[in-house]
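I have placed the structure first, in the form of structure tokens, so that the comments after it can refer back to it.
Every read-out reported here was derived from the displayed coordinates using simple, explicitly stated rules and does not represent laboratory data. Just so it is clear, the structure is predicted and the values come from calculations on it, not from any experiment. Here the Cβ positions follow ideal geometry from the backbone for every residue, glycine too, while neighbour counts run over all protein chains shown.
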Amino acid sequence: MGKPIILVVDDQPFVCETVEIMLKNTYEVHTFTSGKEAMDYMSDKAVDLVLLDYEMPNMTGFEVLLGIRASRHNSKIPVIFLTAETNERMKMEMIERGAADYICKPIDSSVLHQSIKKQLSC
């Protein structure tokens, strides 16, 4: 069995590249700068976990999450939000809407690895 497959979805290429560098030794990482690209990829490929930016143009992180949850074959995939949001109410809303976790930007590599490991072991 190969490495778990993780999608990183963030409209900022720098964030995608940084997270990919943090994870590529442990996971198979695919990066996307739009929610639509990620959803298109997931329509016919298996994914183990999604790291998802909360605030993106065109298709927000919540809209992507709702699309994942509405998909018959992707509905159980853990989604971890990557966010610069500091509002505690907004963070709780992420969880209430079906996110497995959230990680605040700037992203700490050890926190990221710990959260992913926790979600993949569930």
Candidates VAL29, VAL15 - the one that is closer than 21 Å to LYS118 by Cα, surrounded by 14 or more Cβ atoms within 10 Å (Cβ to Cβ) and not aromatic (Phe, Trp, Tyr):
VAL29
Being within 21 Å of LEU112 (Cα to Cα) and either among the acidic types (Asp, Glu) or assigned to a strand (DSSP E or B) (or both) is the filter here; which residues of the stretch 32-53 pass it?
PHE32, ASP48, LEU49, VAL50, LEU51, LEU52, ASP53
Residues of the stretch 76-122 that turn out to be in a helix (DSSP H, G or I) and either of a type in the set (A, V, I, L, M) or within 21 Å of LYS24 (Cα to Cα) (or both), as a count:
16
Just one of the numbered conditions (1) part of a loop (DSSP other than H, G, I, E, B); (2) without any contact (Cβ under 8 Å) to a residue 12 or more places away in the chain is not true of ASN58; which one?
(2)
What are the residues in the stretch 71-116 that are in contact (Cβ under 8 Å) with a residue 60 or more places away in the chain and surrounded by 14 or more Cβ atoms within 10 Å (Cβ to Cβ), if any?
LEU82, LYS105, ILE107, LEU112, HIS113, ILE116
For the stretch 6-17, name all the residues that are more than 14 Å from ILE80 (Cβ to Cβ) and touching a strand residue (DSSP E or B) at 6+ places or on another chain (Cβ under 9 Å).
ASP11, GLN12, PRO13, CYS16, GLU17
